[in-house]
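Everything on this sheet refers to the single structure shown next.
What follows is calculated from the coordinates using simple rules that are stated; it is not laboratory data. This is a predicted model, so every value here is computed, not measured. Here Cβ is always computed from backbone atoms with ideal geometry, including for glycine, and neighbour counts include all displayed protein chains.
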Amino acid sequence: MNDIRVLLDDDEMPKRWYNIQADLPVAMAPPLNPKTMEPATPEDLLAIFPKSLVMQEASKKRYIDIPEEILEAYFRVGRPTPLYRAKRLEQYLKTPAKIYYKREDVSFTGSHKPNTAIAQAYFNMTDGIEQLTTETGAGQWGTALALGCSMFGLGCKVFMVRVSYDQKPHRRTLMKLYGAEVIPSPSNLTASGRAILSNDPNHPGSLGLAISEAIETSLSADKTKYSLGSVLEHVLLHQTIIGQETVKQLNKIDTKPDVMIGCVGGGSNFSGFIYPHLGDQLRHGNGTRFIAVEPESCPTLTKGEYKYDLGDVAGFTPLLKMYTLGHDFVPSPIHAGGLRYHGDAQSLSLLKNLGYIDAVAYNQLQTFEAGALFQRTEGLNPAPETNHAIKSAIDEALKCKRTGEQKVIVFNLSGHGLLDLNGYEKYLDNELENNKNSVGAR
């Protein structure tokens, strides 16, 4: 069978999400109520999220059925997605390795984010919610949730990190076209935003702060809940449709991955991509190496502490045990806005702490160089976030060139960069900063 492009038929799309919690070698530490420091109760979470998603967050079932309405919406936005082999990149690198990439850029919004946005909008709708609030960094998540809300008749209010709001105006346009209201964060609409602006009127914003503003807004409005695009377990659960499809596609060409790679901000695209394969490894062993890739300017997995921390600046979220740089950490204004989060998902952090996942970090210039090479060889323009995974895949392929090993390297192409061309323009004009030394900045 031709392995340049591996497709799945519609009836081969997974009908269930995979839940890594069923196979973890040790249980995750429970979220804590920040006021009592006791394990958070379902009632604590129900103030923010609908019952359906709270139940998924705590579930230990290995598989959770995907409702028919969500499956239909997945078909509409481009699932199942193709798996490609990067032969021209292999030839350029002169490597004996085989490099494959899963194309999540083909969705309506150009990224993997609709996999959970559609699901969250659906479950909120069935629970009687009429409006969702959320944050967004680069804009992929905000755009995806705006799409999901438009599909199921919900209002949508998006707090967009100010630096990305200014860098990526076309993302704002997309969200508005789907019917969403888009607000730069920090804003004067919330106490959280006003507190920051009073100290620094030119604050660039952060995902942690935008989360605070979105949650504060949801708590003060009727039939309104908050929606998160990464970090929480129900979000990672929904994204496992990526990894399950990848397993089927690799099986079709009788190929086993030696290395699986993804970029990491909060952990949703990486976890969704690797968890079905990692779950099999936890149960049976398969020898695959998993590499999480992050920016040097926000190196949670490589330099963060594994401890309890808040998910937002103002303290509305439960305390989660995760790798973190501190909930008040303010990253440099890199173009990979989706990777500017101070912490990581609990299950991902646990698996990294136990040694099942490796992590590497690169500076912004290195990743744009990798993305530009990928476009010249493969013809596809990747998102700045995805460039981190591409850089790692190139490095792994070059190691194989030195050793002669014929490894199979698979990475998740989590989104396209067609709305990030201002960053590429700065790269081409030699104006792109490394943004590598901001750790410790608050």
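By its C-alpha gyration tensor, with a ≥ b ≥ c as the square roots of the eigenvalues, how is the range 132-173 shaped: rounded for a/c under 1.5, else prolate for a/b larger than b/c, else oblate?
Note, shape of the range 132-173 comes out prolate.
Which value in Å is the Kirkwood Rh of the range 226-296 over different Cα pairs?
It is 12.7 Å.
Pairs of alpha-carbon atoms within less than 8 angstrom and 6+ residues apart define the contacts here; what relative contact order does the chain have, in percent?
20
About the Cα centre, and with charges only on the beta carbon of Lys, Arg (+1) and Asp, Glu (-1), how big is the dipole of the chain? Nearest 20 debye, please.
Computed charge dipole of the chain: roughly 880 debye.
Treating the angle as unsigned and between 0 and 90°, give the value, to the nearest 10°, between the Cα long axis of helix 364-378 and the longest Cα principal axis of the chain.
So the helix axis and the longest Cα principal axis differ by about 50 degrees.
Return the whole-Å distance between the Cα centroid of the range 110-167 and the Cα centroid of the range 209-230.
If you average the Cα positions of each part, the centres end up 11 Å apart.
Among (i) 19.2; (ii) 25.0; (iii) 20.8, find the value of mean projected area of the Cα convex hull in nm² that was calculated from the structure presented, and write down its label.
Given (i) 19.2; (ii) 25.0; (iii) 20.8, the structure-derived one carries the label (i).
Using helices alone, I'd like the mean residue ellipticity at 222 nm for the chain: each DSSP H run of four-plus residues gives -39500 (n - 2.57), total over residue count, nearest 500.
Counting only the DSSP helices, I get -12500 deg cm²/dmol.
Can you give me the distance in nm between label points at Asp429 and Asp328, each placed 7 Å from the Cα along the Cα-to-Cβ direction?
Once both label points are built, they end up 3.6 nm from each other.
Would you mind checking the radius of gyration and Dmax of the range 283-368 based on alpha-carbon positions, in Å?
Computed over the Cα atoms of the range 283-368, radius of gyration and Dmax are 13.7, 43 Å.
Given charges of +1 on the Cβ of Lys and Arg and -1 on the Cβ of Asp and Glu, with all other atoms neutral, how large is the dipole of the range 326-442 about its Cα centre, in debye to the nearest 20?
Once rounded to the nearest 20, the dipole reads 320 debye.
Report, as a whole number in µm² per second, the diffusion coefficient that Stokes-Einstein gives for the range 202-352 at 4 °C and 1.567 mPa s using the Kirkwood radius over alpha carbon pairs.
It comes out at roughly 79 µm²/s.
Compute from the Cα atoms of the range 126-245 the Rg and the Dmax, the latter being the longest Cα-Cα distance, and quote both in angstrom.
So, for the range 126-245, Rg and Dmax equal 14.2, 48 Å respectively.
Any idea what angle helix 268-284 forms with the longest principal axis of the chain, computed on alpha-carbon atoms, 0 to 90 degrees, nearest 10?
Compared with the principal axis, the helix lies near 60 degrees.
Provide the net charge surrounding Asp23, with neighbours chosen by a C-beta distance below 12 Å and charges set as Lys +1, Arg +1, Asp -1, Glu -1.
With Lys, Arg at +1 and Asp, Glu at -1, the net is +3.
Report, to the nearest 10°, how far helix 207-219 tilts away from the longest principal axis of the Cα atoms in the chain, using its own Cα long axis and a range of 0 to 90°.
Its long axis makes an angle of about 40 degrees.
Could you tell me what % of all Cα pairs in the range 378-432 have separations over 17 Å?
Across the range 378-432, Cα pairs with separations above 17 Å total 48 percent.
When every alpha-carbon pair in the range 20-128 is counted, what percent end up more than 22 Å apart?
Summing the P(r) of the range 20-128 above 22 Å gives 56 percent of all pairs.
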